[in-house]
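Read-outs throughout are calculated quantities, based only on the coordinates presented, and are distinct from any laboratory measurement. Here the structure is a predicted model, which is why all the values come from computation and not from measurement. Glycine gets a Cβ as well: all are built from the backbone with ideal geometry, and neighbour counts include every protein chain shown.
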2 protein chains.
Amino acid sequence: MLQSELFTKTLRQAPSGEEAKNAQLLIRAGYIYKVMAGVYAYLPLGLRVLGKIKTIVREEMDALGGQELIMTSLQRKELWEKTDRWDDKQVDIWFKSELKNGTEVGLAWSHEEQITEMMKNYIQSFRDLPIYVYQFQTKLRNELRAKSGILRGREFLMKDMYSYSTNTEEHDAFYDKAVKAYLKIFERVGLGENTFLTFASGGAFTQFSHEFQTMSDTGEDTIYLARDRKVAINKEVLTDEVISQLGLKKTDLEEVKATEVGNIFNFGATKSEQLGLFFTDDKGVKKPVILGSYGIGISRLMGVLVEQFSDSKGIIWPTSVSPFDLHLINIGSNKDIPDKLYKTLQDENFSVLYDQREASAGTKFADSDLIGIPMRILVSDKTLKAESVEIKARTSDKTQLIKIKDLIKTIRQK
Amino acid sequence: MLQSELFTKTLRQAPSGEEAKNAQLLIRAGYIYKVMAGVYAYLPLGLRVLGKIKTIVREEMDALGGQELIMTSLQRKELWEKTDRWDDKQVDIWFKSELKNGTEVGLAWSHEEQITEMMKNYIQSFRDLPIYVYQFQTKLRNELRAKSGILRGREFLMKDMYSYSTNTEEHDAFYDKAVKAYLKIFERVGLGENTFLTFASGGAFTQFSHEFQTMSDTGEDTIYLARDRKVAINKEVLTDEVISQLGLKKTDLEEVKATEVGNIFNFGATKSEQLGLFFTDDKGVKKPVILGSYGIGISRLMGVLVEQFSDSKGIIWPTSVSPFDLHLINIGSNKDIPDKLYKTLQDENFSVLYDQREASAGTKFADSDLIGIPMRILVSDKTLKAESVEIKARTSDKTQLIKIKDLIKTIRQK
C-alpha cells in the first residue's frame, strides 16, 4: 500500500487523558481512534493487525475441530434469569436497553447462555456430541473504570469457544487439547516465552480455572511463577495447600506482575441443567451436557503486544502480526527504481507499506519507527550509487547495505 | 466439509411465529438461529454465505479506493445532538443505554456522525482529500415491528461506505462510480437482472437519493420501472414533474413491488458544518467537506437472495454466494470411491459438502434440496457400475450420468 493513500496520519500526541501506553502509541501511529474511555475504533492499520491475530486464532480453533458461527449482541432477559446472571447485583457489567414495547434486553458480555439455549435444537443424542463452536464477537462490558486502553474495553473483540461434551473424561481430554492450542497461539503471536498457564479460582464445579498470563510490568494481576515448569499460580488462590497439590515448592515461586491474555473455564453440567440441555446416552439415559468455555480477547491481545514490544520511538510488531511485512522508504530523487522494487516485492508475496511521500527523511524515519513494521528497506541516492538498498530491523540500530539483486534472497533468510 | 461433522441439522419446521419465507428456510436448513424477532445468529453455513457476499462487496469497495476500518457500536450522545439526530422524536430506532456513572450512550444504527468527527484528526488540507472509507458493522435498530426475517432486523450486518470530497464535482464523479460498483455487486450476487437504480426522496441538499431496488412479490416498496432504461422511481417521489425531469414517459412505467438492497445518499456539507469538519483549499480558503454515504445490508441481501431463489423444497443459491460449490452425496455401499472423490474435488479447489451420513437416500435428497447448493453429485451402487456419478443442478430436475474420469472437466464447463 502507498503510505500517501492511507487516510490516517501519525499524530504528535494522543488525546489528553489517555494514560495507557498501548493506546497512546496505537492512536499516534494511526491504528485506533478513541471514541470514549474503553471504546476504540480500528482504523485500516489496526484492522490489519486484528486480521492477522484472528487468522492465527482461527487456524488453531479449526485445528481443534471448532466450527465458526456468530451469535448476537441483543440478549433475552429470560435466558439469563434462568442462570441467575441477569440481575446487576450478580453481574455488574451489563449494558441494558429495551425494545419499543418496553421489553428489557441485554447487550452481550458473554455467550454461554445463548449458545447453550440454541444447542437444544441440535443436541438430542450422544451421537450429536461432542460439539465445538467458536466466534469472533464484539462484546460490550460496562466497566466502571476503563483506563487501560485496549487492554480492558467497554467494547472489544473476543474469540470465545464453547465445548459440549457427553462426560467429564471427554471434556477433560478436549480441555487439555485447548490448553495446548492456546499456548501455540501465544507462541505464534510472539508471546510464547513470557506467557504461562496459570491456576486461578474455579467455580461451583472445579477447584481451578486456567488463565494464560503474560508477564508485564503494567499487568493488573500478580502471579507466582514456577518458571522451569512453565506454570504459575494466581495470587487469588495461592495457599501452601495449593502449592503442594500442584507439586511445586514455595521457594521456587517467583512473584511477577502479569496480564491475562486468555482463560478457559469448566462449567460442568450447571448451565445445561439450568437451561435444559440434555442428551440421551448410549444406554438410553438422559443426562446434562458438559460445557467448557474458552476465551481470548483479540483486541486486548493487540494491546498486550504493544505493551510488550515497543520503545520510546514507537511500536515493534512481531513479524506474525505486523500490518505489513516490509516498510519501503524512498528518500532519494530516483522514483523509478523504488517504484519497481515496490512492485517486485509484492509480486514475491510480501505485503509492503511504501513511503514515497514528499516529506523529509527525518519525518519518514520517525513515522516508520512509530508504526513499527519489523523490517525497513531504505532507498536513497547514496544506496543507489552502490546499486543497493539499506535494510534495518526495527529491533536493531544496525543497518546493512544489500545489492538490489540480492534483496529478495536476503529478506527470505531473515 | 463432512456433513456429519456439521453441528446443525435440518429442522422439520421453523419456530412458530416466524412468518418470513427467508427466515423459515434459513432456519430449517441450519443457516441461522432466531434469538427474538429481528435478531438472528449466523451458524456455520450462514457465516459462509455472509463471507461470500462480504468478499464480493469488499473487492468492489477496494476497487473504488475504499479503505476498510471498523467503528464502534457505543456512541456519544453529544455528537448526535450536534446533528439533531439523538432525540427519539427525530430518530425513532435508537437503542440507548448508560454508563455506570449515568452518562447516556447510544448503540449505533449508522456511523456518519462518528466517522465525520474522527476525520477531524486526519483532514486539514485539500491534499488530504478525497477519502473513502468503509466497514462491515453490526447495526442495532430498534424497529417497532420486525416480521420480515433477516430482511429488516433489529441487529444486522451492514456495509457502509463514506466519501469525503473537496467539492460537488469531485463528489458527483465518485457517486457515479459508486452507482456502477453497486450495480456490479448486485450482478455478481445474482440479482443483476431484477435490480434497478431507483430515484427516491432526497434530503436538504439534493432532490433525490438513490436506492437499488430488487423486484420481489414480498417487497415492502412500490416502484415504477422503466425497464428498458434500467431505472425506476420510488412511489414516494412519483409525480408528473419528476417523470418528465428524468426523461421518462408515464406510459412506459410499470408498477412493481420491490425490496431495497442498497442506497446511496448525498449529505452535502451539512454534517461537516454541524460537526466542524473543514479543510483549506488550494487558495487557502476554509471550506466544509462534502459527505456521501453508501449502504448495503449484507445480511438483508442474503435474505433477498433466499426470497428470490427458492422453491417448495428449499433454497437455490446463486453459485457466487453458495456456502459450498458442490454437494457430494453417497447413497451406495462403496465408501472408498466417494471418499477419494471428495479429496480429489477439494484438491481441484472446489469447496465440497460431503454427505456420507448413515441416512436414507430420501433424507439426503431432501436435505440437499433444502440447503440449496447449486450442484449435486450423487454416488450410488448403480452409478458406480457404470464407473460414473450422477450430477444434477439444483435448478433442474434433469440428471446426467458422467464418467468419474470426466467429472472435473464437466463441472468446470458448467
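Figures for the structure shown
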read-out	value
Top of A:Q245, A:Q67, A:Q75 by mean-square fluctuation, Gaussian network on chain A, Cα under 10 Å	A:Q245
Computed label-point distance, nm, for sites B:D172 and B:T55 using a 7 Å Cα→Cβ extension	3.9
Segment A:230-315: trypsin sites (Lys or Arg not before Pro) falling in loop per DSSP and having at most 16 other Cβ within 10 Å	A:K230, A:K249, A:K283, A:K313
Coil-residue GluC sites (Glu not before Pro) of segment B:6-76, DSSP, other Cβ within 10 Å capped at 14	B:E19
DSSP-loop trypsin sites (Lys or Arg not before Pro) across segment A:86-180, with at most 15 other Cβ within 10 angstrom	A:K89, A:K100, A:K120, A:R145, A:K147
FRET efficiency for A:Q245 and B:N101, using Cβ-Cβ distance with R0 set to 51 Å, rounded to 0.05	0.75
On Cα atoms only, tilt of A:168-188 relative to the major axis of chain A in degrees	10
Between 0 and 90°, nearest 10: helix A:44-63 axis offset from chain A longest Cα axis	50
Relative contact order for chain A, counting Cα pairs under 8 Å that sit 6 or more residues apart, in percent	16
Furthest towards positive pole of dipole, A:I408, A:G51, A:V306, structure part the protein assembly as shown, Cβ charges	A:I408
Qualifying lysines (Cα of each under 21 Å from Cα of B:K287; at least 8 residues distant if same chain)	A:K9, B:K82, B:K120, B:K271
Nearest-first distances (nm) between copies at A:G17, label 7 Å from Cα via Cβ	4.1
Hits among lysines - C-alpha to C-alpha of B:K403 under 21 Å, sequence gap 8 or more where chains match	B:K335, B:K340, B:K343, B:K382, B:K385, B:K392, B:K414
Between 0 and 90°, nearest 10: helix B:336-347 axis offset from chain B longest Cα axis	30
Highest average packing first - A:355-367, A:376-388, Cβ atoms within 10 Å	A:376-388, A:355-367
Mean-position separation - Cα centroids, segment B:189-228 and segment A:197-259, in angstrom	61
Distance in nm between pseudo-label sites at B:A393 and B:K9 (7 Å out along the Cβ direction from Cα)	3.4
Modelled FRET efficiency - R0 30 Å, B:R357 with A:Q346, Cβ distances, 0.05 increments	0.10
Proximal aspartates and glutamates to B:K250, defined as alpha-carbon separation beneath 14 angstrom and excluding residues fewer than eight positions away on the same chain	B:D228, B:D240, B:E241
Distances in nm from B:G202 to the matching label points in the other copies, shortest first (labels 7 Å along Cα to Cβ)	6.9
Among B:A258, B:A232, B:A173: highest mean-square fluctuation, GNM of chain B, C-alpha pairs under 10 Å	B:A173
Modelled FRET efficiency - R0 51 Å, B:I93 with A:L401, Cβ distances, 0.05 increments	0.25
Sorted by Cβ density within 10 Å, fewest first, the residues B:S333, B:S165, A:S320	B:S333, A:S320, B:S165
Gaussian network model of chain A, springs between alpha carbon atoms under 10 Å - residue of A:S97, A:S110, A:S322 with greatest fluctuation	A:S97
Estimated [θ] at 222 nm from DSSP helical runs (n ≥ 4, -39500 (n - 2.57)) normalised by residues in the protein assembly as shown, nearest 500	-8500 deg cm²/dmol
